[in-house]
Amino acid sequence: MKEVKNGKKLQINMFGMLILLTMIPLLLSIALISVISLNITKTNLENAAEDKLYVVANDLSNHCRENEISYATAEQYHDYIDSLKDQKIEMAIIIKDSPSVASIKNENDYRVRDIEVSEEIYAYGEEGFYDSDVMIDGKVYYGYYKPITVHDEVIGMAFAAQLKDN
């Protein structure tokens, strides 16, 4: 009788061991597939954001070029730069050595006027520059800078941004 109990006990332990040995690879593969899927999804979303911001910045740059915009006239374009706020896209016209004209507002509902553009960004030329970590008023944005040229001279940057949290 002891042998049967011991045999049964041995049989249950072997069954448990087999279940455990089959579950470990299954759980590991599920975890690996989840991590890979998350990375692919994140990369695709960031690429989509970059593409969308490029289109918006390019359109703003062309609009400024066609209208020969300057700092004196940029203030008149609040309606234009606010036009995509319902899609959570911010825009700004950044003229060299002047405060920005932006759709981004601070906590007091005033427009942010100090969006910095380093000289390295101007060196990227006509293609523009994408930055995934633009800090504006304490918030992190994805941003695309596109040069504004008037009479073949770069006078500033058209900027399109989206909150990284979005």
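Is it the case that the stretch 100-108 has a residue that's more than 15 Å from K146 (Cβ to Cβ), free of Cβ contacts under 8 Å to residues at least 12 places away in the same chain and open to solvent by less than 80 Å² (accessible area, probe 1.4 Å)? Within the stretch 100-108, one or more residues are more than 15 Å from K146 (Cβ to Cβ), free of Cβ contacts under 8 Å to residues at least 12 places away in the same chain and open to solvent by less than 80 Å² (accessible area, probe 1.4 Å).
On the given criteria, is E126 acidic (D, E), more than 19 Å from the chain's Cα centre (by Cα), under 12 Å from A158 (Cα atoms) and open to solvent by 70 Å² or more (accessible area, probe 1.4 Å)? Here the answer is yes, as E126 does meet what is asked. For the stretch 83-119, enumerate the residues that are part of a loop (DSSP other than H, G, I, E, B) and either aliphatic (A, V, I, L, M) or in contact with a helix residue (DSSP H, G or I) (Cβ under 7 Å, 6 or more places away or on another chain) (or both). Correct list: L84, I89, S98, S103, I104, V112, I115, V117. Tell me, please, whether a residue that is within 14 Å of G156 (Cα to Cα), in contact with a Lys or Arg (Cβ under 8 Å, 6 or more places away or on another chain), touching a residue at least 24 places away in the same chain (Cβ under 8 Å) and among the hydrophobic types (A, V, I, L, M, F, W, C) can be found in the stretch 71-86. Within the stretch 71-86 (the criterion being within 14 Å of G156 (Cα to Cα), in contact with a Lys or Arg (Cβ under 8 Å, 6 or more places away or on another chain), touching a residue at least 24 places away in the same chain (Cβ under 8 Å) and among the hydrophobic types (A, V, I, L, M, F, W, C)), the answer is no, since none of the residues qualifies. Checked against the criterion of being within 17 Å of L60 (Cα to Cα) and without any contact (Cβ under 8 Å) to a residue 24 or more places away in the chain, the candidates G125, G156, G143 yield just one match: G125. Taking the stated definitions as given, is A72 exposed (fewer than 10 other Cβ atoms within 10 Å of the Cβ), among the small types (G, A, S), assigned to a helix (DSSP H, G or I) and at pLDDT below 95? Criteria met by A72. In the stretch 129-148, of all residues being hydroxyl-bearing (S, T, Y) and open to solvent by less than 20 Å² (accessible area, probe 1.4 Å), the one that is farthest from Y77 (Cα to Cα) corresponds to Y141.
The values are calculated or read from the model by the stated rules, or taken from the named source; none is laboratory data. None of the values given here were measured: they were computed from a predicted structure. With ideal geometry, Cβ positions are generated from the backbone for all residues, glycine too; neighbour counts draw on all protein chains shown. Only protein heavy atoms, including side chains, enter the accessible area calculation; ligands, DNA and RNA are left aside. Shrake-Rupley method; radii C 1.70, N 1.55, O 1.52, S 1.80 Å.
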